[in-house]
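The structure appears right after this line, and notes come after that.
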Amino acid sequence: MRWQQNRKVRYLGVFLLLGISVIIFLICNICMGSVEISLADIERCLMGRETDKTVQRIVWDIRFPRAVSAMILGGALALAGYLLQTFFHNPIAGPFILGISSGAKMIVALVMIFLLERSIRVSSAALILAAFSGAMLSMGFVLLMSHKVNNMSTLIVSGVMIGYICSAVTELVVTFADDADIINLHSWSQGSFSGMTWEHAKAMTVVVFLTFLIVFLFSKPLSAYQLGEGYARNMGIHIRGLRIAMIVLSSLLSACIVAYAGPISFVGIAVPQLVKSLLGTAKPILMIPACFLGGSVFCLFCDLLARNLFAPTELGISTVTAIFGAPVVLWIMVKHKKERAV
Amino acid sequence: MEYYFEAKKMSVGYQGRPLISDIEISLKKGQILTLIGPNGVGKSTVLKSIARQLSLIGGVIFLDGQSLQKMSGGELSRKMAVMFTEKLKAELMTCEDVVATGRYPYTGRFGLLSETDRQVVRKAMELIRIMDIKDRDFTQVSDGQRQRVMLARAVCQEPEIIILDEPTSYLDVRYKLEFLSLLQQMCREKGLTVIMSLHELELAERISDKVLCLDGKYVDRFGTPEEIFKAGYLRHLFHISSGSFDEENGNMELEAPKGKADIFVIAGGGSGRMVYRRLQRQDRAFFTGILFDNDLDYPVAKALAQNVFAAGAFEAVEEALLKEAKKQIDACRTVICCRERFGSFEAANRELAEYAVQTGKELIMAYEEKS
């Protein structure tokens, strides 16, 4: 019994830690930058009281929507990674490494160039839809591969290859597209949280929040799925239906990220693994919200570094996430080797 | 006659191709059915099809009069528990967590355990006696312990029928017996019906109410152990060409030594079995006698000796048989006597031992020998 309670205390502690970290980093992201803004200014700004126009603009139009986006998309990214890891029973699966982000990027780039050339404004919905179809396309390839090979590393390698192909195609069209927006497109295709507006933030919040809710409602069947297919089926799980749902949901999340921030590496793998170690359990009902919070913290933290480390030069977000995420992947692989050996 | 489990004209296999066809099974509530047959014959395929892991290629299964195929997944999960050879993936789960997954069909939308659920989990762990390992990581316990945790999990599911694929394969002899006793107990007390595959034929013979023998494309036999375990049948079912299996006693013997025999073993009353097996290990062919055909030594002698001089049980040993045995001793160099003293119905064997001494054969007293 005591041990049961210990577990509860641990879960509560982790959620508190993650929740508080989200708030702290959110504030840091708004305060810190080339222009330092005090907490009092933020408060005044949020309360709608009289403030300096520049401060108001920086806080309200630039930093706040950007921080919110990083928070939402970071959470989505970690959740997408968690779903894919569960789906493939593979601890290093994630939207970036399996080429799903790159597939989404490719289709988004194609659609954007096509529409921009005709001077049509690209709406949020169109962006997400394009990214979603790209994600599903890559996912289709990965699934095809996973049917042929039943090996953790081969699956990852084939995902990486799909990613390379899609990136190559994207580079190709970006190079040959003759538009002023190309520079913008280029920075996006490297992954970045810059240039987020409230409109973006609102749209992504709606999509991501709804997807999160659906994923959360799936936490019970997911827990059965984790045990292995045979046992899940015995528990009355409709495996095919659940698998389709997982694919659609993870693709939707990945699409949302790519549509707004471009492909971001390693968050999808590193965060779920770190969160799992923190919680000491893989139960979906805890992992789903914890992954989301963890992803938010991770992305807020990385974006803070990306903006401030070499200010005024801004680093690509993937540069920062890779520095922190890639070692985690290596650690996971070593850990798994050890567990196999036992 | 009301059957709880019935399979009619069931065909199982993969991708629409039948592996085994026309399987007919009928089981009453609380009965144990064991599937036996050579490796790779499709025992697991049959079990998986019964557990609805594979769709049937033909035929129907009825569970309590209801068509199994038409049952909803939730309904089935409350009636049927499974334990496959496929390992349950349990990341960061304690043994108790794994047992608790058996409550899945009974928990609500989010799968949270109620107080009743916790009690059921606890009771199951106590029944299977795994309380001592409940807090250990499931991936870190031994195969045998894992097997028992899986049984507790199945018990937790409160099923009416349980499907087990080689449940005893990782268990040592103590746990094998304990495991099967538990199954038997649950069958008797809770009316649990069991369908399982076993490799241990002697256990299958003892625990099963019904046995299904699979060989090739069809069911070879289906019936009670008495009907199935007839002399010579398993040799046929398993295509045994080296060694032997004694259906009546559940004894397995390795292949009899070949070559010219020059040893005669005087045995009886179970005193010769170990000597026979030692000679088999040393690859020395031998004769033995005179045994009554209900003697403990008799089945082993039958399996290993080149010739057994046997008399009908409870009959006097005929003079002709004694003469033949003496003639055989003449042809041998060594005589091993396993009897410390001869009873009043063993006069013939005493005579053989004396004859060996008279004719100057090397006489070894097996009961004195320590090496």
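Go through region B:109-130 residue by residue and tally those that are over 22 Å from B:Lys190 (Cα atoms) and either of a type in the set (A, V, I, L, M, F, W, C) or surrounded by 18 or more Cβ atoms within 10 Å (Cβ to Cβ) (or both). Before you say what the answer is, go through the steps one by one.
Initially, region B:109-130 is screened for residues over 22 Å from B:Lys190 (Cα atoms), giving B:109-115.
Still in the list and also either of a type in the set (A, V, I, L, M, F, W, C) or surrounded by 18 or more Cβ atoms within 10 Å (Cβ to Cβ) (or both): B:110-113.
Of the residues in that region, 4 qualify.
If you go through region A:32-57 one residue at a time, how many are open to solvent by less than 50 Å² (accessible area, probe 1.4 Å), in a helix (DSSP H, G or I) and either touching a Ser or Thr at 6+ places or on another chain (Cβ under 7 Å) or hydroxyl-bearing (Ser, Thr, Tyr) (or both)?
Number satisfying all stated conditions: 2.
Hey, A:Cys299 hits all of (1) surrounded by 15 or more Cβ atoms within 10 Å (Cβ to Cβ); (2) modelled with pLDDT under 85 but one; which does it fall short on?
Evaluating A:Cys299 over (1) surrounded by 15 or more Cβ atoms within 10 Å (Cβ to Cβ); (2) modelled with pLDDT under 85 leaves (2) as the failure.
Would you pick out the residues in region B:106-144 that are among the β-branched types (Val, Ile, Thr), within 13 Å of chain A (Cβ to nearest Cβ) and under 22 Å from B:Gln184 (Cα atoms)?
Narrowing region B:106-144 to residues among the β-branched types (Val, Ile, Thr): B:107, B:116, B:120-121, B:128, B:130, B:133, B:139, B:141.
Subsequent filtering for residues that are within 13 Å of chain A (Cβ to nearest Cβ) retains B:107, B:121, B:139, B:141.
Passing the criteria: only B:Val121.
I'd like the full set of residues that are closer than 15 Å to A:Ser296 by Cα and either of a type in the set (Lys, Arg) or surrounded by fewer than 19 Cβ atoms within 10 Å (Cβ to Cβ) (or both), limited to region A:311-327.
Within region A:311-327, just A:Phe324 meets the criteria.
Considering only residues of region A:84-94 that are under 17 Å from the mean Cα position of the chain (by Cα) and closer than 18 Å to A:Gly140 by Cβ, which is surrounded by the most Cβ atoms within 10 Å (Cβ to Cβ)?
As a first pass, look at region A:84-94 and keep what is under 17 Å from the mean Cα position of the chain (by Cα): A:84-87, A:91-94.
Pick out the ones that are also closer than 18 Å to A:Gly140 by Cβ and you get A:84, A:87, A:93-94.
Working: A:Leu84: 29, A:Phe87: 21, A:Ala93: 28, A:Gly94: 33.
Filtering region A:84-94 for residues that are under 17 Å from the mean Cα position of the chain (by Cα) and closer than 18 Å to A:Gly140 by Cβ, the one surrounded by the most Cβ atoms within 10 Å (Cβ to Cβ) comes out as A:Gly94.
Which members of region A:263-315 meet the condition of being within 12 Å of the chain's Cα centre (by Cα), part of a helix (DSSP H, G or I) and among the small types (Gly, Ala, Ser)?
Taking region A:263-315 as the starting set, the residues that turn out to be within 12 Å of the chain's Cα centre (by Cα) are A:263-272, A:291-300.
Now restrict to residues that are part of a helix (DSSP H, G or I): A:267-272, A:291-300.
Answer for region A:263-315, where residues must be within 12 Å of the chain's Cα centre (by Cα), part of a helix (DSSP H, G or I) and among the small types (Gly, Ala, Ser): A:Gly268, A:Ala270, A:Gly294, A:Gly295, A:Ser296.
Does B:Arg78 satisfy being of a type in the set (D, E, K, R), touching a residue at least 40 places away in the same chain (Cβ under 8 Å) and not in a loop (DSSP other than H, G, I, E, B)? Reasoning before the result, please.
On the way: of a type in the set (D, E, K, R): yes; touching a residue at least 40 places away in the same chain (Cβ under 8 Å): yes; not in a loop (DSSP other than H, G, I, E, B): yes.
Taking the combined requirement at face value, the residue satisfies it.
When you scan region A:103-115, how many residues do you find that are open to solvent by less than 50 Å² (accessible area, probe 1.4 Å), farther than 17 Å from A:Leu249 by Cα and either among the aromatic types (Phe, Trp, Tyr) or touching a residue at least 24 places away in the same chain (Cβ under 8 Å) (or both)? Step through it out loud before you land on a result.
As a first pass, look at region A:103-115 and keep what is open to solvent by less than 50 Å² (accessible area, probe 1.4 Å): A:103-109, A:111-113, A:115.
From what is left, the residues that are farther than 17 Å from A:Leu249 by Cα are A:105-109, A:111-113, A:115.
Then keep just the ones that are either among the aromatic types (Phe, Trp, Tyr) or touching a residue at least 24 places away in the same chain (Cβ under 8 Å) (or both); that gives A:105-109, A:112-113.
Matching residues across region A:103-115 total 7.
Check B:Glu126 against each of (1) among the acidic types (Asp, Glu); (2) under 23 Å from the mean Cα position of the chain (by Cα); (3) more than 30 Å from A:Leu278 (Cα to Cα) and name the one condition it does not meet.
For B:Glu126, the exception is condition (2).
Inside region A:151-241, counting only helices (runs of 4 or more DSSP H) that do not spill past its ends, which hold 1 or more residues that are under 22 Å from A:Gly295 (Cβ atoms)?
Details: elements: A:152-176, A:182-189, A:198-217, A:219-226, A:229-234.
Output list reads A:152-176, A:182-189, A:198-217, A:219-226.
Yes or no, residue by residue, for (1) within 8 Å of chain A (Cβ to nearest Cβ); (2) open to solvent by less than 20 Å² (accessible area, probe 1.4 Å); (3) in contact (Cβ under 8 Å) with a residue 12 or more places away in the chain:
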site: B:Asn39; (1), (2), (3): no, no, no
site: B:Leu47; (1), (2), (3): no, yes, yes
site: B:Phe62; (1), (2), (3): no, no, yes
site: B:Val98; (1), (2), (3): no, yes, yes
site: B:Thr101; (1), (2), (3): yes, no, yes
site: B:Tyr104; (1), (2), (3): yes, no, yes
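In region B:148-159, is there at least one residue being more than 12 Å from chain A (Cβ to nearest Cβ), farther than 24 Å from B:Leu192 by Cβ and either in contact with a strand residue (DSSP E or B) (Cβ under 8 Å, 6 or more places away or on another chain) or at pLDDT 90 or above (or both)?
There is no residue in region B:148-159 that is more than 12 Å from chain A (Cβ to nearest Cβ), farther than 24 Å from B:Leu192 by Cβ and either in contact with a strand residue (DSSP E or B) (Cβ under 8 Å, 6 or more places away or on another chain) or at pLDDT 90 or above (or both).
So, in region B:49-60, how many residues would count as being within 13 Å of chain A (Cβ to nearest Cβ) and either in a strand (DSSP E or B) or within 20 Å of B:Glu2 (Cα to Cα) (or both)?
Quick first cut of region B:49-60, residues within 13 Å of chain A (Cβ to nearest Cβ) only: B:49-55.
If we keep only those that are either in a strand (DSSP E or B) or within 20 Å of B:Glu2 (Cα to Cα) (or both) as well, we get B:50.
Residues meeting the conditions: 1.
Among residues belonging to region A:35-88 that are of a type outside the set (Val, Ile, Thr) and in contact with a Lys or Arg (Cβ under 8 Å, 6 or more places away or on another chain), point out the one that is modelled with the highest pLDDT. If you could, list the steps in order and put the result at the bottom.
Initial filter on region A:35-88 (of a type outside the set (Val, Ile, Thr)): A:36, A:38-41, A:43-50, A:52-53, A:56-57, A:60-61, A:63-67, A:69-71, A:73-85, A:87-88.
Imposing the further condition that a residue be in contact with a Lys or Arg (Cβ under 8 Å, 6 or more places away or on another chain) reduces the set to A:50, A:87.
Details: A:Glu50: 70, A:Phe87: 90.
Among them, the one singled out is A:Phe87.
Could you tell me whether A:Ile237 is surrounded by fewer than 20 Cβ atoms within 10 Å (Cβ to Cβ), within 12 Å of chain B (Cβ to nearest Cβ) and in contact with a helix residue (DSSP H, G or I) (Cβ under 7 Å, 6 or more places away or on another chain)?
Judged against the criteria, A:Ile237 is not a match.
Within region A:182-234, which residues are more than 14 Å from chain B (Cβ to nearest Cβ), open to solvent by less than 30 Å² (accessible area, probe 1.4 Å) and under 18 Å from the mean Cα position of the chain (by Cα)?
A:Trp188, A:Ser189, A:Gly191, A:Ser192, A:Phe193, A:Met196, A:Ala201, A:Ala203, A:Met204, A:Val208, A:Thr211
So is B:Thr94 closer than 30 Å to B:Gln140 by Cα, crowded, with 21+ Cβ neighbours inside 10 Å and touching a strand residue (DSSP E or B) at 6+ places or on another chain (Cβ under 9 Å) or not?
When the stated conditions are applied, B:Thr94 passes them.
Per-residue answers, yes or no, for (1) open to solvent by 10 Å² or more (accessible area, probe 1.4 Å); (2) under 22 Å from B:Thr85 (Cα atoms); (3) not aliphatic (A, V, I, L, M):
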| position | (1), (2), (3) |
| --- | --- |
| B:Leu164 | no, yes, no |
| B:Phe179 | no, yes, yes |
| B:Gly191 | yes, no, yes |
| B:Leu198 | no, yes, no |
| B:Glu205 | yes, yes, yes |
| B:Asp209 | yes, no, yes |
| B:Leu212 | no, yes, no |
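Testing B:Ala81 on (1) within 13 Å of chain A (Cβ to nearest Cβ); (2) small (Gly, Ala, Ser); (3) open to solvent by 40 Å² or more (accessible area, probe 1.4 Å), one condition comes back false. Which one is that?
Looking at each condition in turn, B:Ala81 falls short on (3).
Which condition number in (1) in a helix (DSSP H, G or I); (2) at positive phi is the one that A:Ser119 fails?
The single condition A:Ser119 does not satisfy is (1).
Looking at (1) surrounded by 20 or more Cβ atoms within 10 Å (Cβ to Cβ); (2) at pLDDT below 85; (3) closer than 17 Å to A:Ser189 by Cα, can you tell me which one A:Ile97 breaks?
(2)
Scan region B:298-337 for residues that are in a helix (DSSP H, G or I) and closer than 23 Å to B:Met252 by Cα and jot them down. Even if it seems obvious, please write down each step before you answer.
Within region B:298-337, the subset in a helix (DSSP H, G or I) is B:298-304, B:319-330.
The answer is B:Tyr298, B:Pro299, B:Val300, B:Ala301, B:Lys302, B:Ala303, B:Leu304.
Taking region A:8-29 on its own, how many of its residues are over 30 Å from A:Val59 (Cβ atoms) and open to solvent by 40 Å² or more (accessible area, probe 1.4 Å)?
To start, the set of residues in region A:8-29 that are over 30 Å from A:Val59 (Cβ atoms) comprises A:8-14.
Now narrow it down to the ones that are open to solvent by 40 Å² or more (accessible area, probe 1.4 Å): A:8-10, A:12.
The qualifying residues number 4.
Test A:Gly103 against the criterion of being in contact with a Gly (Cβ under 8 Å, 6 or more places away or on another chain), of a type outside the set (Lys, Arg) and part of a helix (DSSP H, G or I), and give yes or no.
Details: in contact with a Gly (Cβ under 8 Å, 6 or more places away or on another chain): yes; of a type outside the set (Lys, Arg): yes; part of a helix (DSSP H, G or I): yes.
For A:Gly103, the condition - in contact with a Gly (Cβ under 8 Å, 6 or more places away or on another chain), of a type outside the set (Lys, Arg) and part of a helix (DSSP H, G or I) - is met.
The values are calculated or read from the model by the stated rules, or taken from the named source; none is laboratory data. Only a predicted model underlies this, so the values are computations on that prediction, with no experimental measurement involved. Don't worry about glycine lacking a Cβ; one is built from the backbone with ideal geometry, like all the others, and counts go over all protein chains shown. Areas reflect the complete protein model, heavy atoms only, side chains present, ligands, DNA and RNA absent. Shrake-Rupley method; radii C 1.70, N 1.55, O 1.52, S 1.80 Å.
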